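The values are calculated or read from the model by the stated rules, or taken from the named source; none is laboratory data. Quick caveat, the model's predicted, so the values are computed rather than measured. Because the Cβ atoms are built from the backbone with ideal geometry, glycine has one as well, and the counts that use them run over all protein chains shown. Remember, those area values only see protein heavy atoms, side chains included, never the ligands or the DNA or RNA. Shrake-Rupley method; radii C 1.70, N 1.55, O 1.52, S 1.80 Å.
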Amino acid sequence: MQASADQIAKIINGKVIGDPHVMVDGPCKIDDGINGKISFLSNPKYAQYIYDTKASVVLVSDDFVPDQDVAVTMISVENVYVALAILMDKFSDGITLKSSFAKSADIDPSAQIGDQTSVDEQVIIKNNVHIGMHCRIYGHVFIGDNVRIGDRVMIYPGVKIYHNTVIGDDVIIHANAVLGSDGFGFAPDADGRYKKIAQVGNVVVGNDVEIGANTTIARATMGSTTIGNGVKLDNLIQIAHNVSIGEHTVIAAQTGIAGSTKIGKRCMIGGQVGIVGHIEIADGTMIQAQSGIASSIKEENSKWYGTPAIEYQNYLRSYAQFRRLSDMSKQIHDLKKTIDNFKSEN
Amino acid sequence: MQASADQIAKIINGKVIGDPHVMVDGPCKIDDGINGKISFLSNPKYAQYIYDTKASVVLVSDDFVPDQDVAVTMISVENVYVALAILMDKFSDGITLKSSFAKSADIDPSAQIGDQTSVDEQVIIKNNVHIGMHCRIYGHVFIGDNVRIGDRVMIYPGVKIYHNTVIGDDVIIHANAVLGSDGFGFAPDADGRYKKIAQVGNVVVGNDVEIGANTTIARATMGSTTIGNGVKLDNLIQIAHNVSIGEHTVIAAQTGIAGSTKIGKRCMIGGQVGIVGHIEIADGTMIQAQSGIASSIKEENSKWYGTPAIEYQNYLRSYAQFRRLSDMSKQIHDLKKTIDNFKSEN
Amino acid sequence: MQASADQIAKIINGKVIGDPHVMVDGPCKIDDGINGKISFLSNPKYAQYIYDTKASVVLVSDDFVPDQDVAVTMISVENVYVALAILMDKFSDGITLKSSFAKSADIDPSAQIGDQTSVDEQVIIKNNVHIGMHCRIYGHVFIGDNVRIGDRVMIYPGVKIYHNTVIGDDVIIHANAVLGSDGFGFAPDADGRYKKIAQVGNVVVGNDVEIGANTTIARATMGSTTIGNGVKLDNLIQIAHNVSIGEHTVIAAQTGIAGSTKIGKRCMIGGQVGIVGHIEIADGTMIQAQSGIASSIKEENSKWYGTPAIEYQNYLRSYAQFRRLSDMSKQIHDLKKTIDNFKSEN
């Protein structure tokens, strides 16, 4: 797509400040801007770059107030990220799907596959699988018995989907993610040996979910491990058996959630967070990266930090004192001495 | 399998409390129980559900004392989880293995493969590999030169096993796990560049081991990285080169163990734990999730928490004070003021 | 290779202490030494083993001073690890590459592949890919559209490389690593739903880089995620979109780096470290395992620990006090009581 600032402003409901006729044909970053491209300014840390970027147009927020003259044409919008998401879609090469099954794919004859779905090289599709329309299944994907996959689903190379998994519409799963491997369940016997508990449940993924590369989601012991509509999971995340994650919750990379825990809706969970099993996390909970959640969180929209996590501001206050703990120890020692002297004098 | 409460009680050595003739044909969870199914109660958090579950039978512990009338038929047993493990096996569809080699598998003619072992689609088996009897090798598995695999081993899709790896009997390896990739060993030169140290050892896995999805086990620099009999590793775990893990130790997801560390027998290690290299951990050690172990643990059966980890109860006590550190700081400040006033008055 | 102590000393520029004619034909560990093999002593923890090792020769540092008689022949060198790296290379079986394309590989006719590069079974190579000379592409590797790969590159089984990725010379990528999956970028709308921001950038990897098993490197939103020359990444690491990592930086397993952060040159980053997005880390920074870096580090060669990380020695000092926080709390309480008594008496 090539478009003028004016045309772009119409697409994203923005206002042009500068030359409405300047043409752009793709996006670029603001700090190494490129002539003929459009960039964006959202994080204030990058504001310094707008004054001499080589980009031809920059998206800015309605409330951006430059502190010197801006030469580049700007388009101001209410929400820069939403505008950007819309534009990036326009600029990205539309992938035209054509229904095609690669010769080297092993597709069981029992599979039911919708129109305009493409199955690439060396995919394995086992017994009794249903796949919807307009899907793309990349190379080296494995789809086990009885799996159900909705419409417009993209499954990138090397994803492994165990038997009985259910996946909704408009889902994206990145390379080498694993869905439906056995939950980690063992019964210790009297000798301290562990006997495997069969994991006979499955994984159910809602609509409009994205799952990152090398992320693992375990099948339920019985019942289902469930990922709600609109959930976004980053790379290398571990979701244990019987977990459920509420709608529109986002989780950053390398976080782990232990068995049977229920995460609420619209939570924001940072990277490398650990959450113990068998607890409930209220809707809208925010958890700072690397925190450890050891018990249920009942209040909605609260913010947490630390291991075990406490209220966010409280953690910051305590940690500020932690940094000066040897001073504090010395102060106590000095006080004790002062008092002892005092006592001996009186 | 369909069976009466009475028949089930005989299988798991339990006692029926209620109707011995009620029939069940599979498991269900207690909180959304299903008529005609058997559930179980172990975690006291779920006790509330037993009074109105729709399940037809519930397994309970011998020491369970209901605090109101229970309508459902119960079977009481000494260890609910062991009983459950036995029953789940009975209910799970037995997978009948038939010896079959998929046409699209690339199997080197030098491979020796035992009876009733099945090699699925697009498996790659390189030179001089031995695989035992009654194994199942799922699609997209790679088995490198000289690998030895025992009997009754299940290897799920996408697992990659480097050359010279040795795997015992009754092992389960989940999707996309990697065994035998190079250890992380480099020699810095005078210019701060790193020269790779060839990793010429291997990985040796004992009997009755389970290895989770996307877990990585590095080959030894020389000698072997060893996983003892009965060890259970969850998903996304990192085991570095030359580590050895003692028998019947269990490790939860996302934990990492650095090079040459020796873990004892029957340890229980939580998720996201980090253990430094070149140390020894005594038998029966328990390590709380997210802890960091920075030096050897010599006392058996001790419990640890924190980064760097200290004795578990000590961590909890210290952390309780950490939460009120700003109060503590204020108290010191007030004391100092009181004393200063006192001094100036006297 | 079989060689005498004397011949080996010449290769690694060392000095023989003992029998110059003793022969060895491979490496072994010092604690379970093997007759006819060469071992090494670097970590002082292992010094005890030198007095009765069964190895025939042991590499030691120039400054090693035994505290009893040593029977085994020693070769002393300036840097044991560099000497070891050189020797291990000599002892490891040289892999002879022959140009060969496996029949079961799916290679698009548009691919340009250099001399003496081998493409193994079931590799998928998509449109317009260039691969240099002397490379080995193992089984089940996926290489997307327009990928460029240099000379002497080893790509182990199951690696997935998304479109437009660029890889330099002498790179090693271990099994099931993922390069170029979408960055984790979403724009929340007014209803708390997340709209995907297209990720149209790529991943650029320099020369002489090693990337561990199951590590994930996300493609840039626009521009490139860059891994500098000589960088070594261990297993299960997450590198988010638009991150850049400076030359000769090493990162241990399970560390995660959030979006757009710039890591300097020659940094040493421990395992399970988390680094937030949009910050800069100075050259030569050392970060202790499990630390969390929450803001930019400007001073070169500094050392950090904790979450959020503070100066290393300061963390250790504070943590020493943390361990006795309940004592400290009691002391304050006692002081207060003493003063109160004092006041009431005066």
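Assorted remarks:
- Extreme residue, surrounded by the most Cβ atoms within 10 Å (Cβ to Cβ), among residues of the stretch C:217-229 that are at pLDDT 95 or above and closer than 23 Å to A:ASP170 by Cα: C:ALA218
- Residue match in the stretch B:325-333 (condition: open to solvent by 30 Å² or more (accessible area, probe 1.4 Å), at the interface with another protein chain (Cβ under 7 Å from one of its Cβ atoms), of a type in the set (Ser, Thr, Tyr) and part of a helix (DSSP H, G or I)): yes
- Counting the residues of the stretch C:154-170 that are open to solvent by less than 10 Å² (accessible area, probe 1.4 Å), in contact with a Gly (Cβ under 7 Å, 6 or more places away or on another chain) and not in a strand (DSSP E or B) gives 4.
- For B:ASP283, the conditions (1) within 8 Å of chain C (Cβ to nearest Cβ); (2) at pLDDT 95 or above; (3) more than 25 Å from C:THR215 (Cβ to Cβ) all hold with the exception of (1).
- If only residues of the stretch B:171-210 that are at the interface with another protein chain (Cβ under 7 Å from one of its Cβ atoms) and polar (S, T, N, Q) are counted, the one that is surrounded by the most Cβ atoms within 10 Å (Cβ to Cβ) is B:ASN176.
- Each residue in the stretch B:19-55 was checked for being under 17 Å from A:ALA198 (Cα atoms), of a type in the set (Ser, Thr, Tyr) and part of a loop (DSSP other than H, G, I, E, B), and 1 of them qualify.
- Evaluating B:PRO157 against the criteria (1) within 25 Å of the chain's Cα centre (by Cα); (2) under 26 Å from B:ASP25 (Cβ atoms) leaves one unmet condition, (2).
- Filtered residues of the stretch C:61-76 (kept if polar (S, T, N, Q) and over 32 Å from the mean Cα position of the chain (by Cα)): C:GLN68, C:THR73
- Hits in the stretch A:289-306 - residues which are surrounded by 19 or more Cβ atoms within 10 Å (Cβ to Cβ), without any contact (Cβ under 8 Å) to a residue 24 or more places away in the chain and in contact with a strand residue (DSSP E or B) (Cβ under 7 Å, 6 or more places away or on another chain): A:GLN290, A:SER291, A:GLY292, A:ILE293, A:ILE297, A:TRP304
- B:ASN235 more than 9 Å from chain C (Cβ to nearest Cβ) and either at positive phi or not in a strand (DSSP E or B) (or both): yes
- Residues of the stretch B:287-313 satisfying the condition of being in contact with a helix residue (DSSP H, G or I) (Cβ under 9 Å, 6 or more places away or on another chain), among the aliphatic types (A, V, I, L, M), at the interface with another protein chain (Cβ under 8 Å from one of its Cβ atoms) and assigned to a loop (DSSP other than H, G, I, E, B): none
- The stretch C:67-91: number of residues that are open to solvent by 30 Å² or more (accessible area, probe 1.4 Å) and within 14 Å of chain B (Cβ to nearest Cβ): 7
- From the list B:VAL16, B:VAL58, the one residue that fits, being part of a strand (DSSP E or B) and in contact with an Asp or Glu (Cβ under 7 Å, 6 or more places away or on another chain), is B:VAL16.
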